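S.K.: Dumping the structure here so I can ask a few things about it.
Laboratory data are not the source of any read-out in this text; all were calculated from the coordinates shown. Keep in mind that this is a model prediction, so the values were computed, not measured. Glycine also receives a Cβ, built like all others from the backbone with ideal geometry; neighbour counts cover every protein chain displayed.
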Amino acid sequence: MGIRTVAIYSEADRSAPHVLTADEAYPVGPAPSSESYLRMEAIIEVAKRADCDAIHPGYGFLSENAEFNRAVTNAGLTFIGPTADAIKIMGDKTSARTLMIERGVPVVPGTERAVTSGEEARSIALKVGYPILLKAAAGGGGKGMRVVTEETQLLKALESAQNEARSAFGDERVYIEKYVLEPRHVEIQVLADAHGNCIHLGERECSIQRRHQKVVEEAPSVIVDEELRTRMGQAAVEAARACGYVNAGTIEFLVDNHRNFYFLEMNTRLQVEHPVTEMVTGVDLVKMQIRVAEGHVLPMKQEDIRFRGHAIECRICAEDVRNDFLPDTGTILRYRPPFGFAVRDDSGVTEGSEISIHYDPMFAKLVVWGMDREDAIRKMRRALDEFVIDGVETTIPFCRFVMDHPAFIKGDFRIDFVEKHYQPGFLRKPQADESRAAALAAVLTEMDRTTGSALSSNGKGTHDHRCSPWLLLHRQGGTR
Ligand code: MV4
């Protein structure tokens, strides 16, 4: 777009890719995010000093913070995102529900406002029918939720949900929804300008998650056909209009086995998984965010949005899959991301980067596009296999497990896919003797490569490699 960029960085991110890529970069504090990336005034100070026009809040940290949004605007800068009011109203799950009901967007049956007594909860639960789900009004992302399957558990569950909500959000309000069985998590991307235009860019299937952390996302969803996409898209646009939304946003829905869909919540920011939408629509969402924030009219209409092929994203995290997904730390000794046509590597690290405990374990996103779902899955398998990362444990083997699973391949999965199909210990660690054998094999292979005098020399000056020498060269860093 020809726009000069200014990065901010913590002491831990001094040489991170985003710093090296930006035209200018400024420090905002030490590694802990509370002393750097969450320091609103320090960030705004940098923006003023560097003569910035706008701030893009990304998708973590302050991106959905209404107070930061206001501070940016009050400093005379443009916040690349919605207004503080839209963030606020969608941040309160009960006010969002009320708004959706008013606008005819389907929500899960339940209460509109927080329950005020056990007696009220009992009569509502009876009317809605068990099982029910207690949710925190200030919640989202699964905190403060309790499933209640029968009345005898209700009062205890209500109390513990309220306690959890109070300590997590400083707001004990809890409301009731009917518990949707075997749902899928499907979300719709919306894009709105400041001139009353709002369009949707189709859905993302996000059911493959573990403990509320998404692992694999794809577009389109196998259960969404053109008719359902149109209806969900219209509901999403209505939801965005209801809160006067401007910029890129996402409406989360649950879709049940009868393909009924229900509004869950709205994410008032760009999301981690936005690339799959970019891949199937060809629309650069960040570019659109900036244009819309500049006050431009959206350059396309709903009928201009066409969906082509299939995209899959795998989130690559520094976690030890074999040790209950415990976050791993360390120096990245070798880093060779895959590449090629329609293979997108959104890495936040490079060789030599330190993965610390200070931030989220996700350090890269691998996104592929294919002509159809089968093609995309095949390509993702290949890309995961090519990804070389030494120094930290990663979730790559787990993503590979998903790509190979018959239920995933069939598209037969719900939000419980990981619990249902992944037995801890499935991906076992190599045993000590196997590791020793592997080390020995590596030494012999290296001897063979450098002197031609180890195992695979057949005496005729040619080599009998099982492993392609080109692949070996690549892994040793000889290419790219
Ligand atoms: C639900 C639900 C079933 N029924 N609501 C979890 C986080 C929050 N965004 C909403 N969540 C859920 N709400 C009703 N009425 C099941 C979940 C849920 C879930 C939703 C999306 C993705 C993953 C999930 C994992 C567990 C529970």
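S.K.: Which far-off residues, 5 or more places away or on another chain, put their amide H under 5 Å from the one on Ile355, with H placed in the peptide plane?
M.R.: Gly330, Thr331, Ile332
S.K.: Distance between Cα centroids, the stretch 293-354 to the stretch 59-76: provide it in whole Å.
M.R.: Distance between centres, Cα-based: 24 Å.
S.K.: Taking every pair of Cα atoms in the stretch 83-225, average 1/r, invert it to obtain the Kirkwood radius, and report Rg/Rh to two decimals.
M.R.: Reported Rg/Rh (Cα atoms, Kirkwood Rh): 0.99.
S.K.: Taking the number of other C-beta atoms within 10 Å as the exposure measure, put Lys379, Lys143, Lys410, Lys48 in order starting with the fewest.
M.R.: Lys410, Lys48, Lys143, Lys379
S.K.: Please provide three numbers in whole Å: the alpha-carbon extents of the chain along the principal axes, with the largest listed first.
M.R.: Projected onto the principal axes, the Cα atoms of the chain cover 84, 57, 45 Å.
S.K.: Non-local amide H neighbours of Thr395 (under 5 Å, H modeled in plane, Pro and chain starts lacking H): which ones?
M.R.: Cys317, Glu319
S.K.: Now for a different question. Using only DSSP helix segments of four residues or longer, with each worth -39500 (n - 2.57), what per-residue ellipticity at 222 nm results for the chain after dividing by its residue count and rounding to 500?
M.R.: So the calculated ellipticity at 222 nm is -10000 deg cm²/dmol.
S.K.: Between Ala31 and Lys127, what length comes free when the chain is fully extended (0.36 nm per residue of separation minus the Cα-Cα distance, one decimal in nm)?
M.R.: Computed gain between Ala31 and Lys127 is 29.5 nm.
S.K.: Quick one: 3J(HN,Hα) in Hz for the stretch 337-352, Karplus 6.51/-1.76/1.60 with θ = phi - 60°, rounded, Gly and Pro as x.
M.R.: Result, rounded to whole Hz: x, x, 8, x, 4, 6, 10, 10, 10, 9, 8, x, 9, 9, 4, x.
S.K.: What percent does the relative contact order of the stretch 226-306 come to when contacts are Cα pairs within less than 8 Å and at least six residues apart?
M.R.: Relative contact order comes out at 22 percent.
S.K.: So what's the angle, to the nearest 10 degrees on a 0 to 90 scale, between helix 93-102 and the longest Cα principal axis of the chain?
M.R.: 60 degrees
S.K.: Let me ask another. Given +1 on the Cβ of Lys and Arg, -1 on the Cβ of Asp and Glu, and no further charges, what dipole in debye does the stretch 317-430 carry about its Cα centre, rounded to the nearest 20?
M.R.: The calculation lands at about 400 debye.
S.K.: Determine the alpha carbon to alpha carbon distance for each of Lys214/Lys429; Lys135/Lys379; Lys178/Lys365; Lys379/Lys429; Lys88/Lys214; Lys93/Lys429 and list only those over 32 Å.
M.R.: Lys135/Lys379; Lys178/Lys365; Lys93/Lys429
S.K.: Still on this model: Which ³J(HN,Hα) values in Hz, rounded to whole numbers, follow from the phi angles of the stretch 173-183 under the Karplus curve 6.51 cos²θ - 1.76 cosθ + 1.60, where θ = phi - 60° and Gly and Pro get x?
M.R.: Result, rounded to whole Hz: 5, 10, 10, 10, 10, 5, 7, 7, 8, 6, x.
S.K.: When only C-alpha pairs under 8 Å and at least 6 residues apart count, what is the relative contact order of the chain, in percent?
M.R.: Relative contact order comes out at 12 percent.
S.K.: Oh, and also: Assign unit charges at the C-beta atoms only (+1 for Lys and Arg, -1 for Asp and Glu), then state the dipole size of the chain relative to its Cα centre in Debye, rounded to the nearest 20.
M.R.: Here the chain has a charge dipole of around 600 debye.
S.K.: Which ordering of Phe261, Phe307, Phe339 is given by a fewest-first count of other beta-carbon atoms within 10 Å?
M.R.: Ascending Cβ contact count within 10 Å gives the list Phe339, Phe307, Phe261.
S.K.: Now for a separate question. Among 18-26, 283-291, what's the highest-first ranking by average C-beta atoms within 10 angstrom per residue?
M.R.: 283-291, 18-26
S.K.: Can you sort Ser15, Ser33 from fewest to most other Cβ atoms within 10 Å of each residue's own Cβ?
M.R.: Ser15, Ser33
S.K.: Can you tell me the FRET efficiency between Met1 and Ile409 if r is taken as the Cβ-Cβ distance and R0 is 41 Å, rounded to the nearest 0.05?
M.R.: Given R0 = 41 Å and the Cβ-Cβ separation, E is 0.55.
S.K.: Mind pulling the angle between the C-alpha long axis of helix 226-242 and the longest principal axis of the chain? Nearest 10 degrees, somewhere in 0 to 90.
M.R.: Roughly 60 degrees, rounded to the nearest 10.
S.K.: With angles folded into 0 to 90 degrees, how steeply does helix 432-451 sit against the dominant principal axis of the chain? Use alpha carbons for both and round to 10.
M.R.: That works out to roughly 50 degrees.
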